[in-house]
1. Which count do you get for residues in the stretch 79-116 that are in contact (Cβ under 8 Å) with a residue 12 or more places away in the chain, over 20 Å from Pro30 (Cβ atoms) and open to solvent by less than 70 Å² (accessible area, probe 1.4 Å)?
2. β-branched (Val, Ile, Thr) and part of a helix (DSSP H, G or I): which single residue out of Ile95, Ile70, Ile88 fits that description?
3. Can you confirm whether Leu9 is under 30 Å from Leu85 (Cα atoms) and out of contact with any strand residue (DSSP E or B) (no Cβ under 9 Å at 6 or more places or on another chain)?
Amino acid sequence: AVHERVKKLKAAGVITGTAALLDGPSIGRPLLVFVHVATHSWGHSEALDGLSELPALEELHSVTGDTSMILKVRLANPAALESLLRQINAFESVISTHTFVTLSTYLERPVQAGVSEQWADPPLPKE
C-alpha cells in the first residue's frame, strides 16, 4: 500500500525525488557555511550559472533583502572556504560576499507535508 501511495505522489509531482542524507563530518566536510552574495544584478543570472558547478555548493537561493543570493556550502576546512570565496569573487557580477560559519546545527529537516497548514497564526507581540 505504501509503495502504491508513493508511486501516485511521484506521478502527481508531489515527490520530486529521493535522496540519501549524508553526514558532513563523516565524509570529510565538517564546515557548514552560508554565503551571502551581493551581485550587480538581482537574483540568478547567466553570469552566475557557474556557481552551480562548485562541488561544495548544496543550495543556491535568490533572496530579498540586502543580498542577492544565499549559498549553503559544506567544506573540509577554513582553507577550503578561502578557496571557494576566491572562486565566487572571481565571477564578474559578484560585488561582495559575507560568510556565516555554522557553529552548531540544532534542526535540519526537509519539507513536511500537511504540518504548517495546521498551525494557527501566531499572536502579534504587544507593544
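The values are calculated or read from the model by the stated rules, or taken from the named source; none is laboratory data. Values in this document were obtained by computation on a predicted structure and should not be read as measured data. Here the Cβ is made from the backbone with ideal geometry for all residues, glycine too, and neighbour counts use every protein chain on show. Just the protein is used for accessible areas: all its heavy atoms, side chains included, with ligands, DNA and RNA removed. Shrake-Rupley method; radii C 1.70, N 1.55, O 1.52, S 1.80 Å.
1. The total comes to 6.
2. Working: Ile95 fails: part of a helix (DSSP H, G or I); Ile70 fails: part of a helix (DSSP H, G or I).
It is Ile88.
3. Details: under 30 Å from Leu85 (Cα atoms): no; out of contact with any strand residue (DSSP E or B) (no Cβ under 9 Å at 6 or more places or on another chain): yes.
Here the answer is no, as Leu9 does not meet what is asked.
This table checks each residue for (1) within 15 Å of the chain's Cα centre (by Cα); (2) surrounded by 11 or more Cβ atoms within 10 Å (Cβ to Cβ).
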position: Lys7; (1), (2): no, yes
position: Ala20; (1), (2): no, no
position: Gly24; (1), (2): yes, yes
position: Ser45; (1), (2): no, yes
position: Glu53; (1), (2): yes, no
position: His61; (1), (2): yes, yes
position: Asp66; (1), (2): no, no
